[in-house]
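The values are calculated or read from the model by the stated rules, or taken from the named source; none is laboratory data. Please read all numbers here as calculations on a predicted model, not as lab measurements. Because the Cβ atoms are built from the backbone with ideal geometry, glycine has one as well, and the counts that use them run over all protein chains shown. When the accessible area is computed, the model is the full protein with side chains, heavy atoms only, and any ligands, DNA or RNA have been set aside. Shrake-Rupley method; radii C 1.70, N 1.55, O 1.52, S 1.80 Å.
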Amino acid sequence: TKKDSSAADRRYHALMMFTKVDKSRSLQDKFRVAMLSMIKHGHFLEGEVLVLHFVSDQASQELGEKMLQEFLQDATFKYEVLFHDVVTLTQKLFPIVESMQKHFSAGSGAYYSDAIFFLSVAMHHIMPEGLTHIVQLDLDLKYRTNIRDLFQEFDRFPPGAVIGITREMQPVYRHTFWQYRKENPHTKVGEPPPDGLPGFNSGVMLLDLGAMRTSALYNQLLQANNVAKLADQYRFRGHLGDQDFFTMIGMEHPELFYPLGCGWNRQLCTWWRDHGYGDVFQLYYHCDEPVYIYHGNCNSPIPDD
Ligand code: UDP
Ligand code: MN
């Protein structure tokens, strides 16, 4: 029997984008894998609560509530579920991230609705002040360990770091920065690990909202003139939203980011191996650590074990 949560409980906040899920059987299947594995391996202490936030439209919320009823049945810990209306969040977000969209969105970048792809970037302005830490998670994940352990990684942030994030495991930013790399032949930008700067993947992110609010540097980088300056300096033109923004500012200010181990976001997509980067692919794809979370990005199948 589950106890009700109380105000004295310690809360662990996790947020997932959850839109158009009613229209996609594939997303529903991914959500099932993610939630069942999270619940199976999840353990929390007495007096702790996992708070699951979903950014959702009406139809997805209705389906999500039904699915969660089933998935959360076997949870051994206390939890809360909160749905946030995607339209309301987009309204708050748009003025903050509008200037980024032309650099990091597909197409013209003028679409109002694209603002939501930058939610993580401005989460510290969107969520209430009392919320100081949150992890943002994709739906195409499979958990192999206790998600509570992921939150312990916040304690390892060095001073000045505001976001914990895993490196990108494909040479996609080797590609995106091609012009800068041509003009700067000895740069680490876009080079593979361990010495290079391969960029970031946004499938698993630790957002220290408190640190994001107090970091003068981070908030300067959100300003339109500074976004434009960096995008120009790095000749950057992307379409992956928040992960492009974090990758670009990470080239200039790596100290803002705590490098989360590759085992926390073991990406499985191999698209770039077969699209011109087969010779260097393994240098990026390689991950030696135990896998805590698989990420089946670009619809990649996730191993069964
Ligand atoms: N997402 C969503 N509705 C969609 C597509 C994506 O809510 O129609 C969310 C979902 O949380 C998903 C995330 O956006 O995990 C990122 O998309 P995806 O994982 O498909 O991108 P990839 O990791 O393959 O680049
Ligand atoms: Mn994903």
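Here are some notes:
- Qualifying residue in the stretch 70-93 (condition: out of contact with any Leu (no Cβ under 6 Å at 6 or more places or on another chain) and at positive phi): no
- Listed by position, the strands (runs of 3 or more DSSP E) contained in the stretch 93-172 that have at least 1 residues being touching a Pro at 6+ places or on another chain (Cβ under 8 Å), charged (D, E, K, R) and modelled with pLDDT of 95 or more are 163-167.
- Looking across the stretch 94-116, the residues that are of a type in the set (S, T, N, Q) and within 18 Å of the chain's Cα centre (by Cα) come down to Gln101, Ser105.
- Matching residues in the stretch 5-22 - criterion: being touching a residue at least 12 places away in the same chain (Cβ under 8 Å) and either more than 22 Å from Ile134 (Cβ to Cβ) or open to solvent by 40 Å² or more (accessible area, probe 1.4 Å) (or both): Ser5, Ala8, Arg10, Arg11, Met17, Thr19, Lys20, Asp22
- Filtered by the rule that a residue be surrounded by fewer than 17 Cβ atoms within 10 Å (Cβ to Cβ), within 16 Å of ligand 2 (Cβ to nearest atom) and part of a helix (DSSP H, G or I), the stretch 266-305 gives Trp271, Cys298, Asn299.
- Among the conditions (1) within 15 Å of ligand 2 (Cβ to nearest atom); (2) closer than 20 Å to Ser37 by Cα; (3) assigned to a helix (DSSP H, G or I), Gly263 misses just one, which is (1).
Each row is one residue, and each column tells you yes or no for (1) closer than 27 Å to Gly276 by Cβ; (2) among the aliphatic types (A, V, I, L, M); (3) under 18 Å from the mean Cα position of the chain (by Cα); (4) open to solvent by less than 40 Å² (accessible area, probe 1.4 Å).
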| site | (1), (2), (3), (4) |
| --- | --- |
| Val172 | yes, yes, yes, yes |
| Tyr180 | yes, no, no, yes |
| His186 | yes, no, no, no |
| Asp195 | yes, no, no, no |
| Pro198 | yes, no, yes, yes |
| Leu221 | no, yes, no, yes |
| Asn225 | no, no, no, no |
| Ala228 | no, yes, no, no |
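- Selection within the stretch 63-86 - assigned to a helix (DSSP H, G or I), more than 19 Å from Lys23 (Cβ to Cβ) and in contact (Cβ under 8 Å) with a residue 24 or more places away in the chain: Phe71, Leu72, Asp74
- Within the stretch 43-58, the set of residues being more than 20 Å from the chain's Cα centre (by Cα) and either crowded, with 17+ Cβ neighbours inside 10 Å or closer than 21 Å to Lys3 by Cβ (or both) comprises His43, Phe44, Leu45, Glu46, Gly47, Glu48, Val49.
- Options Gln73, Gln69, Gln61, Gln91: the member that is over 18 Å from the mean Cα position of the chain (by Cα) and surrounded by 14 or more Cβ atoms within 10 Å (Cβ to Cβ): Gln61
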